Structures are given as structure tokens and as C-alpha cells.
Amino acid sequence: KRLMRNWVLQPLLNLTTINSRLNAVDELVSNVILRGEVIEGLFGIRDIERIMSKVVYGTANAKDLLNLSLTAKKFPNLKALLKDTNSKFLKDIYNDIDTLEDIYNLIDSAINENAPLTLREGGIIKDGYNEIVDTLRHDMNGGTSVLAEIEAKEKERTGIKNLRVRYNKVFGYYIEVTNSFLDKVPEDYIRKQ
């Protein structure tokens, strides 16, 4: 839409370019089947220019990336439709189309289809895509089990039976040891209180 609007607002002045475009229009008018397939292939294509602006400025959300993927999946078919065209203008379009298979494969493998709209809510990256993200997500969602594991390891390492992992707003997470076991506290522990 944006490109066609620019064509209307800024018409061509070069006769060769005008005739090239008119030859392409004539070919599409003459070939009803090709025209219908191209129209069908263009149906559902999102505003890539707007999506790419969001990507460049870092404001794209999961929905934007999924829309980019849906649009990019249409490019191989559109390119195939234009392969055997005769007009120079349509051949140039054929040569200029990048099918973006790498982009939509990456998005499909990485972005969760049911991701929330805002980045702050998380859950955008699919499980199994990135080991570090999976570990952090497990720690975030299964935090109590992580704390229980740390507590069990420290009890075994130090031999302090009543050692506890606790949390407060002043210190954050800390290990609590009663005075009766002070002699068993390892050197690598830092006394806070």
C-alpha cells in the first residue's frame, strides 16, 4: 500500500521505466491465472516495513515477529509464481525477492506462538530453544526446589544439621546457622549479622 501510494504521489518521469511497468501490468492483465495466483499469494501479507522498524528500534514483540514469519513464508511461493514471467519489471521483482527462509525458520524454532504481548511478561522463547533460557526459566518457576537443593548440598558439605537458606529484604538470600554450630561454619562463608 505504501509503495503504491508513493507511485501515485511521485509518478515516474522516465519513459523506459514507465513502459517497463506498463508491460508488467499488461502481462498480469493478460494472464488471468497468474494474476489470480499472485493476488492470492499476496493475501495476508503484513506490513513488513512497519515490523522491521519495530525490530530495528527494539520495540517488536512476539506477535510482530510471528507476523514477520507468516509473511516471509509466502515469499517462496510468490517468487515461484514470477519465475516464468516475460516482462523485465516482473523479472526484476523475481530477482529481488529474498525468500527469508532463514528468518522464518529461526522465528518458528525460537518464538512461542502463545507468547504474551509484552516482553516483560516473559514466555516468548520456546522451551528447548536455548539451554540458558531454559535453566533460568526453571530457576524462576521452580525457585523453592532450587533453594531446597542448595540447602541440602550445604548441609551435607558442612555437616550442620539445622542450616537453613532464608530470604529477607535487607540481605536477600542467605544461609542461617545457629550459634551452637559456629565452629562448623566454613571459611568461605561471610558473616553478616
### Exceeding the 28 Å Cα-Cα cut-off - candidates Lys153/Lys192; Lys54/Lys83; Lys54/Lys88; Lys63/Lys91; Lys1/Lys63; Lys161/Lys192
Lys54/Lys83; Lys54/Lys88; Lys63/Lys91
### Message
I'd like to check one number: the per residue accessible area of the chain, probe 1.4 Å, reported in Å² as a whole number.
### Response
75
### Task
Match the structure shown to one of the listed values [x] 75, 17, 13; [y] 29, 18, 14; [z] 64, 16, 12 of semi-axes √(5λ) of the Cα gyration tensor in Å, computed from it, and give that label.
[z]
### Query
Given 0.36 nm per residue, what is the gain on full extension from Ser145 to Leu22 after removing their alpha carbon distance, in nm?
37.4 nm
### Query
Kirkwood Rh over Cα pairs of the stretch 28-142 into Stokes-Einstein at 20 °C, 1.002 mPa s: D in µm²/s?
131
### Task
Enumerate the amide H contacts of Ile125 below 5 Å, restricted to partners 5 or more residues apart or on another chain; note that Pro and chain-start residues carry no placed amide H.
Asn112
## Note on the structure
Note on the chain: contact order normalised by length, alpha-carbon pairs under 8 Å, 6 or more apart, percent, works out to 14
### Task
With all distinct Cα pairs included, what does the Kirkwood hydrodynamic radius of the stretch 75-126 come out to in Å, to one decimal, could you say?
13.4
### For the chain, calculated [θ]222 nm from helices alone, where every DSSP H run of n ≥ 4 adds -39500 (n - 2.57)
-17000 deg cm²/dmol
### Task
Could you compute the FRET efficiency for Thr158 and Ile125, with r as their C-beta to C-beta distance and R0 at 30 Å, rounded to 0.05?
0.20
#### Entry: Paramagnetic reach from Glu49 (point 7 Å along Cα→Cβ, amide N under 12 Å) across the stretch 1-39
1-10
## Note on the structure
With 0.36 nm assigned to each residue of separation and the Cα-Cα distance removed, Ala80 to Glu176 gains 27.8 nm
### Summary
Mean separation of Cα contacts under 8 Å (at least 6 apart) over the residue count of the stretch 29-132, i.e. the relative contact order in percent, is 27
### Query
Let a ≥ b ≥ c be the square roots of the eigenvalues of the Cα gyration tensor of the stretch 1-46; is it rounded (a/c under 1.5), or, if not, prolate (a/b larger than b/c) or oblate?
oblate
### Task
Would you mind calculating the gained length between Arg166 and Thr99 on full extension (0.36 nm times residue separation, minus the Cα-Cα distance), in nm to one decimal?
18.7 nm
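The values are calculated or read from the model by the stated rules, or taken from the named source; none is laboratory data. What you see is a predicted model; the values in this text were computed from it and never measured. Positions of Cβ are backbone-derived with ideal geometry, glycine not excepted, and every protein chain shown enters the neighbour counts. SASA here: full protein model, heavy atoms, side chains in, ligands and nucleic acids out. Shrake-Rupley method; radii C 1.70, N 1.55, O 1.52, S 1.80 Å.
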